[in-house]
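Below is one structure, written out as structure tokens; comments come after it.
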């Protein structure tokens, strides 16, 4: 039997995928402009439908982050989400199992007992505190491009996070920051035809915080692929 295919490039890519995780506690240290620009330059090689490159990003830093953090926390607390793109109608079967696994790991890491809704609600609000990150990002797409624009933005977000990891920067993609798009558009002065796909917090990880110590599992290849030979 031949050895498993492997090259230095594939090994480096695999290592990045394993090292990247959803960081939920950041240090206050800013990421310098040159590093953020490099992350963006790398992500710009993301392929897209007809090379439309629909993604546009707003990135906060310094006082801009603090102002956004305070404003969205005040706005979102106790308010129902009204996203531009509907959240999942239902998690069922294996998708529910995976969601629960992630949630239980998160709550266990910060000492929240199962069923403690008050504590879990406080943890949810950490999304709007940006988990203490020095930078927030809002990713938007053009309204006319529909689902294909969203798919392209998703690919760009993933590549941005991998680029960040390659430069020692941690991140977390957040649906919560896209849950109130009318507020986001008003806060940043975005036009009505820019639809909010998601947000992101990024910066340098607080490696000592227990919330950053768990990792989610992944399904085996045979669990997600159907082979057709004839």
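We did not get these values from a lab; they are worked out from the coordinates using the rules stated. Predicted model only: the values in this text are computed from it and were never measured.
Working value for the range 69-195: equivalent-ellipsoid semi-axes of 25, 19, 17 Å, each the square root of 5 times a Cα gyration tensor eigenvalue, largest first. Ordered from longest to shortest, the equivalent ellipsoid semi-axes for the chain are 27, 23, 21 Å, each the square root of 5 times a Cα gyration tensor eigenvalue.
Placing one equal scatterer on every Cα of the range 127-222 and applying the Debye formula, the log10 ratio I(q)/I(0) at q = 0.15, 0.16, 0.24 Å⁻¹ is -0.69, -0.77, -1.30.
Compute for the range 62-138: radius of gyration divided by Kirkwood radius, i.e. Rg/Rh, restricted to C-alpha atoms, rounded to two decimals. Please list the in-between numbers first.
On the way: Rg = 14.7 Å, Rh = 14.6 Å.
Taking Rh as the inverse mean 1/r over Cα pairs, Rg/Rh reads 1.01.
The relative contact order of the chain comes to 36 percent, based on Cα pairs under 8 Å that sit 6 or more residues apart. Evaluated at q = 0.13, 0.27, 0.29 Å⁻¹, a Debye calculation over the C-alpha positions of the range 33-84 (equal weights, vacuum) places log10 I(q)/I(0) at -0.56, -1.03, -1.09. Which of 154, 64, 203 moves the most in a Gaussian network model of the chain with Cα springs under 10 Å? Of the options given, 64 has the highest mean-square fluctuation.
Across all Cα atoms of the range 16-112, the radius of gyration (one decimal) and Dmax (whole number) stand at 17.8, 47 Å.
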